[in-house]
1. Residue by residue through segment D:172-202, note down the ones that are of a type in the set (Asp, Glu) and either modelled with pLDDT under 90 or touching a Lys or Arg at 6+ places or on another chain (Cβ under 9 Å) (or both).
2. Test residue C:63 against the criterion of being buried (at least 17 other Cβ atoms within 10 Å of the Cβ) and farther than 22 Å from residue D:185 by Cα, and give yes or no.
3. Return yes or no: is residue C:154 more than 8 Å from chain D (Cβ to nearest Cβ) and surrounded by 22 or more Cβ atoms within 10 Å (Cβ to Cβ)?
4. In the set D:129, D:137, D:164, which member is more than 10 Å from chain C (Cβ to nearest Cβ), among the charged types (D, E, K, R) and out of contact with any helix residue (DSSP H, G or I) (no Cβ under 8 Å at 6 or more places or on another chain)?
5. Given the options D:69, D:103, name the one that is modelled with pLDDT under 95, in the same structural domain as residue D:170 (by TED's automatic domain parsing) and either surrounded by fewer than 16 Cβ atoms within 10 Å (Cβ to Cβ) or more than 25 Å from residue A:3 (Cβ to Cβ) (or both).
6. Of all residues in segment B:97-115 being within 8 Å of another protein chain (Cβ to nearest Cβ) and either part of a loop (DSSP other than H, G, I, E, B) or in contact with a Lys or Arg (Cβ under 8 Å, 6 or more places away or on another chain) (or both), which is nearest to residue B:55 (Cα to Cα)?
7. State all residues of segment A:5-19 that are in contact with a Gly (Cβ under 9 Å, 6 or more places away or on another chain) and part of a helix (DSSP H, G or I); if no residue qualifies, say none.
8. Quick check on my filter: what residues within segment D:14-35 are facing chain A (nearest Cβ under 8 Å), within 25 Å of the chain's Cα centre (by Cα) and surrounded by 15 or more Cβ atoms within 10 Å (Cβ to Cβ)?
Number of protein chains: 4
Amino acid sequence: MNSIDKLSEIFGRFPGIGPRQAKRFVYFLLSRNGNYASELTKAIQDLKKEIIQCEECMRFFVYPEHGRGAKVCSICADDTRDSSMLMIVPRDIDFEAVEKSGGYKGYYFILGGVVPILEKEPEKRIRIKELEARIKKSKNIKEIILAMNANLDGENTAEFIKQKYEGLPLEFSTLGRGLSTGAELEYADPETLKNAFLHRTK
Amino acid sequence: MNSIDKLSEIFGRFPGIGPRQAKRFVYFLLSRNGNYASELTKAIQDLKKEIIQCEECMRFFVYPEHGRGAKVCSICADDTRDSSMLMIVPRDIDFEAVEKSGGYKGYYFILGGVVPILEKEPEKRIRIKELEARIKKSKNIKEIILAMNANLDGENTAEFIKQKYEGLPLEFSTLGRGLSTGAELEYADPETLKNAFLHRTK
Amino acid sequence: MNSIDKLSEIFGRFPGIGPRQAKRFVYFLLSRNGNYASELTKAIQDLKKEIIQCEECMRFFVYPEHGRGAKVCSICADDTRDSSMLMIVPRDIDFEAVEKSGGYKGYYFILGGVVPILEKEPEKRIRIKELEARIKKSKNIKEIILAMNANLDGENTAEFIKQKYEGLPLEFSTLGRGLSTGAELEYADPETLKNAFLHRTK
Amino acid sequence: MNSIDKLSEIFGRFPGIGPRQAKRFVYFLLSRNGNYASELTKAIQDLKKEIIQCEECMRFFVYPEHGRGAKVCSICADDTRDSSMLMIVPRDIDFEAVEKSGGYKGYYFILGGVVPILEKEPEKRIRIKELEARIKKSKNIKEIILAMNANLDGENTAEFIKQKYEGLPLEFSTLGRGLSTGAELEYADPETLKNAFLHRTK
């Protein structure tokens with residue numbers, strides 16, 4: 001395989017990228033001068049050097065972001081957050097979305113994926129051991145918020161975790177269903193409408 | 001204007017139909033035999049004969065749907081529903097969606113439209129007099145649910161109605177915001193995520 | 001079935017209209033005053049009265065469009081057009097598109113449909129008898145242009161007609177393939193590119 | 001800027017990639033083990049080492065593709081092709097599409113871009129000097145095929161090149177317009193229909 005095909009093949013494994021766009025990326029790199037490619041390879045190498053995974057929430061962060069030298073991210077290291085709540089999200093990018101929304105002040109755990117329906121080996125899909133360690137470590141957790149996408153895989157993942165920890169003195173919650181911004185009644189499904197009514201704001 | 005153009009023009013006023021599709025409708029009618037067109041005109045004429053507008057909720061219904069002869073639809077005529085709640089929806093089709101979802105057991109009022117932002121004559125857009133009459137008539141109403149689409153016009157309409165009835169001993173509520181079925185955290189807006197957290201289900 | 005459901009069902013048979021949009025049409029009619037529905041039924045009835053099908057090309061036209069009283073449309077009645085060419089198009093709307101483009105000055109025949117691949121009774125799908133009559137009638141035709149959509153059904157229809165008239169002293173042609181306006185080389189299929197090269201303009 | 005943001009910014013300059021997808025790429029890289037990132041950086045470095053630009057047609061190719069050691073690609077080095085024709089295409093990926101289609105057997109020149117309408121410095125957008133050198137070098141060229149996208153920029157580029165070489169004993173051609181594969185008469189623009197008729201195949 002020549003290097004055009006090789007690099008196309010690697011770009012083609014990027015999320016959401018098909019073979020045609022992968023090839024466009026390669027020709028784009030070729031058409032830029034050498035500096036651009038050097039800049040790109042350097043940034044990829046720096047990424048692997050500078051970014052470490054938080055020992056507590058498992059998210060990737062820039063080391064040492066908070067100047068303490070520990071392998072713990074700035075959020076997990078922040079004592080002022082609410083230690084009674086742990087929110088479990090599937091991926092780093094979901095964590096970013098929730099944290100940016102500004103409504104939540106507890107801690108997080110990045111599950112690393114979801115458990116699809118009928119998955120036979122769920123523990124290979126998500127960081128279940130790391131989650132167990134995280135929960136054991138912190139004695140203050142009272143509520144675990146299972147912040148999953150509002151689809152079948154999300155619901156299955158939430159169900160899987162709940163069953164895993166049945167019996168522990170923990171309260172589980174899931175994100176509220178209702179009308180997303182922009183939603184129209186006419187096109188909303190019954191489940192969403194029912195919840196929108198139940199969770200109405202007075 | 002010949003009758004092809006005339007009928008195209010009328011179909012072109014249907015919601016969501018552009019000139020090209022309007023013309024396809026006309027040719028579709030032409031290509032079907034005469035029975036089809038007769039069937040269509042008969043159904044339109046029957047519609048105007050059989051369907052009346054409920055005096056209370058203003059929705060269109062088949063007369064006499066519930067065998068009582070009054071100009072009141074089967075829902076407004078149903079004494080077993082919860083008379084402490086009145087849900088205001090923009091259009092008949094929104095009423096259908098909510099009623100089908102099965103979560104709500106009170107009464108309805110069909111507003112007939114929404115009040116767009118910066119609208120100078122809101123009373124021309126919605127059935128405000130009829131709403132006033134409806135509210136006065138029923139002494140039991142305690143809560144008015146403003147069931148609007150989760151967009152700017154919907155919010156503006158809810159705000160307009162609330163201000164109109166300020167001072168009356170009525171509680172106003174709006175539909176709960178949260179994750180619609182299928183929503184993904186990554187693509188949810190901050191408002192939706194904040195509400196999904198606030199309205200989480202335990 | 002009540003008249004809302006009945007009319008929804010009829011609108012639902014319109015090309016490209018699903019059950020939900022069909023219902024929106026019904027509520028749209030209900031929400032307009034009576035004049036609108038009368039205007040619509042009148043236009044449908046006028047359509048059936050005023051529009052007749054041309055005996056020669058089979059297209060629908062306003063009678064008597066050209067003031068001659070014959071059951072022949074203005075194009076078939078126009079002696080100045082080129083009688084050596086007959087263009088066969090699938091539907092009235094295709095005829096309109098070609099005639100508007102202004103490049104063609106011969107006569108037309110509206111086939112009334114296409115012959116899908118594997119169709120067992122092609123003669124039920126298209127006006128094959130009428131086409132035969134049309135071809136016999138005019139002694140001057142030298143070229144038949146099979147103006148079909150550039151897809152499998154179009155090609156199959158062209159093939160079907162060609163075989164039907166094999167042996168007759170007629171030349172058959174099909175529309176030229178090449179780059180449609182807006183087409184990009186990168187996304188063009190090999191067939192299109194090959195033809196674009198073959199039919200290049202000097 | 002930390003390395004997550006830096007790499008996001010670089011990926012964000014890839015064609016068709018917005019900030020959100022750029023970030024997904026970064027998290028994708030982080031979530032894969034170290035080998036993947038090494039494989040990617042190696043492939044990028046190899047690309048810059050192995051791929052050179054053909055001195056004649058300016059396309060990127062794997063050196064030495066054809067075992068001759070010259071800085072000339074396998075197509076430009078192929079004496080059996082038709083030296084009377086030179087096809088000018090905007091980009092490498094357009095060359096690939098045309099060559100794959102199999103219809104053309106002459107030589108190519110990759111222009112490196114297009115000249116947008118109203119561009120004040122066209123010579124900065126395309127390889128005009130290299131084109132001049134290429135044309136001078138080969139005495140056999142009789143026809144130059146301006147194989148541009150069928151849009152305004154494509155037409156403008158073709159026009160620009162034609163004017164540039166006015167007076168030279170060269171024939172210019174452009175790709176044929178007509179129905180692209182899949183095109184439907186109803187939706188085709190007048191220009192396309194006119195050309196489809198003119199270039200009909202007998």
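The values are calculated or read from the model by the stated rules, or taken from the named source; none is laboratory data. All values derive from a computational prediction rather than experimental measurement. So basically every Cβ, Gly included, is an ideal-geometry build from the backbone, and we count neighbours across all protein chains shown.
1. Passing the criteria: D:186, D:191.
2. Spelling it out, residue C:63 is indeed buried (at least 17 other Cβ atoms within 10 Å of the Cβ) and farther than 22 Å from residue D:185 by Cα.
3. Working: more than 8 Å from chain D (Cβ to nearest Cβ): yes; surrounded by 22 or more Cβ atoms within 10 Å (Cβ to Cβ): yes.
Here the answer is yes, as residue C:154 does meet what is asked.
4. Every option except D:137 fails the conditions.
5. Every option except D:103 fails the conditions.
6. Per the criteria, the residue is B:112.
7. Result: A:19, single match.
8. Keep residues of segment D:14-35 that are facing chain A (nearest Cβ under 8 Å), which gives D:14-16, D:21, D:23-31, D:34.
Checking which are within 25 Å of the chain's Cα centre (by Cα) leaves us with D:14-16.
Within segment D:14-35, just D:14 meets the criteria.
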